[in-house]
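Enquirer: Quick one: the structure is below, and I'll ask about it shortly.
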Amino acid sequence: MRKYWHVINIGIQNTLVYRVNFLFRAVFGLIPLIAIISLWRAVYAGKAEDVAGYSLAQMISYYLVVTIVDALTAVAEDDWQIAADIKDGNISQFMLKPIDYLTYRLCIFGAGRIIYTAVALVPVALFIWFQRQYFVFPAHSETWLWFGVSLVLTALLQFLLSFTMALMAFWMTEVSTLIFILFAFEYLAGGHLFPLDILPPALAKALFYTPFPYQLFFPVSIFVGKISGSQLYQGLATQAAWVLAAYGLARFVWSRGTRKYSAVGG
């Protein structure tokens with residue numbers, strides 16, 4: 001394990017170079033959030049009741065927690081770097097050394113999330129403080145525990161799906177289209193744009209047969225109190241199953257890809 005701790009250390013040092021970029025990304029990333037919150041305030045302005053079971057405070061809290069979860073779990077440029085390693089032949093060194101490439105990339109991903117979260121903490125915390133009258137904290141202390149567990153599973157699922165998609169570079173010279181398609185599905189079907197339970201019940205139920213709601217919507221719903229009891233435990237089990245399935249798929253694609261891979265030159 002010592003070599004992977006060293007990878008995390010190197011990853012943190014390399015990522016610190018981009019700390020100013022992360023700060024600007026976090027700050028300007030709040031602009032769309034301001035627009036969304038303003039939109040929902042206008043929707044609620046003409047209503048005395050809630051919308052699809054959400055009060056105004058719950059709806060705004062949903063988007064604030066989305067920002068937190070996204071900062072902690074989103075894959076930044078890892079998929080592009082993996083694809084570049086394959087295309088440029090840099091993957092060869094990992095086949096000749098006693099290091100597992102998936103674990104190596106997971107360490108790099110974790111290091112990047114640590115630095116990005118640390119840099120984004122101040123602007124995001126200030127924004128939430130200004131919106132504190134609408135921010136709804138969990139009613140029960142155990143909710144924090146289940147939210148944390150789901151958060152870890154969310155990060156793993158996000159990483160493994162992106163890792164697998166990037167491995168398509170073993171067969172394709174350009175994987176940007178696939179990466180953008182995956183991002184679009186994650187954004188729409190993951191609950192980033194709107195809570196999935198405001199959709200028609202049949203459509204919302206169909207989406208839960210895919211891994212996308214468990215990449216964002218599920219942990220956020222735990223935090224805002226929309227999922228609890230047996231539904232919570234069933235959801236966590238399903239999320240864990242998707243993580244295991246994504247891990248198995250990643251290992252399978254890696255095994256098939258390395259059999260096809262060839263590198264020439266010095």
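Enquirer: Fewest first, what order do 102, 16 take by the number of other Cβ atoms within 10 Å?
Expert: On the way: 102 18, 16 13.
In increasing order of surrounding Cβ atoms, one gets 16, 102.
Enquirer: Okay, moving on. At a Förster distance of 25 Å, what's the computed FRET efficiency of residue 261 paired with residue 103, Cβ-Cβ distance as r, to 0.05?
Expert: Values: r = 19 Å, r/R0 = 0.75.
My answer for the efficiency is 0.85.
Enquirer: I want the local charge near residue 58. Using Cβ-Cβ distances under 10 Å, sum +1 for each Lys or Arg and -1 for each Asp or Glu among the other residues. Present the calculation step by step, with values, prior to reporting the outcome.
Expert: On the way: positive: 226; negative: 50.
Within the 10 Å Cβ shell, the charges total 0.
Enquirer: Under Stokes-Einstein, with the Kirkwood radius over Cα pairs standing in for Rh, what whole-number D in µm²/s applies to the chain at 25 °C and 0.890 mPa s?
Expert: 123
Enquirer: Further question on the same structure: For labels at residue 126 and residue 16 in the simple 7 Å Cα→Cβ model, what's the distance in nm?
Expert: 2.3
Enquirer: So for 95, 168, fewest C-beta neighbours within 10 Å to most, what's the order? Provide the component values of the computation, followed by the final result.
Expert: On the way: 95 11, 168 18.
By the 10 Å Cβ count, ascending, the order reads 95, 168.
Enquirer: Below 8 Å, C-alpha to C-alpha, sequence gap of six or more: please give me the relative contact order for the chain in percent. If you can, show how the numbers build up before the last one.
Expert: Values: 249 pairs, mean separation 70.9, N = 266.
For the chain, the relative contact order is 27 percent.
Enquirer: How many angstrom separate the Cα center of the range 23-93 from the Cα center of the range 118-176?
Expert: What the calculation gives is 9 Å, centre to centre.
Enquirer: Let me ask you something else. Report the label-to-label distance for residue 95 and residue 141 in nanometres (one decimal), using points 7 Å from each Cα along the Cα→Cβ vector.
Expert: With each label point 7 Å from Cα toward Cβ, the separation is 5.4 nm.
Enquirer: Neighbouring Cβ atoms within 10 Å as the yardstick, rank 97, 226 fewest first.
Expert: Working: 97 11, 226 18.
Starting with the residue having the fewest Cβ neighbours, the order is 97, 226.
Enquirer: Next question. How far, in nm, would the chain grow between residue 57 and residue 77 when pulled straight, counting 0.36 nm per residue and subtracting the alpha carbon separation? Show your work: numbers first, answer last.
Expert: Numbers: separation 20, 0.36 × 20 = 7.20 nm, distance 3.32 nm.
Roughly 3.9 nm would be gained on extension.
Enquirer: Is the shape of the range 151-201 rounded, prolate or oblate, going by the alpha carbon gyration tensor and its root eigenvalues a ≥ b ≥ c, with a/c under 1.5 for rounded and a/b larger than b/c for prolate?
Expert: Note, shape of the range 151-201 comes out oblate.
No lab work stands behind these numbers, since they all come straight from the coordinates. Please read all numbers here as calculations on a predicted model, not as lab measurements. FYI the Cβ positions are ideal-geometry reconstructions off the backbone, even for glycines, and counts take in every protein chain you see.
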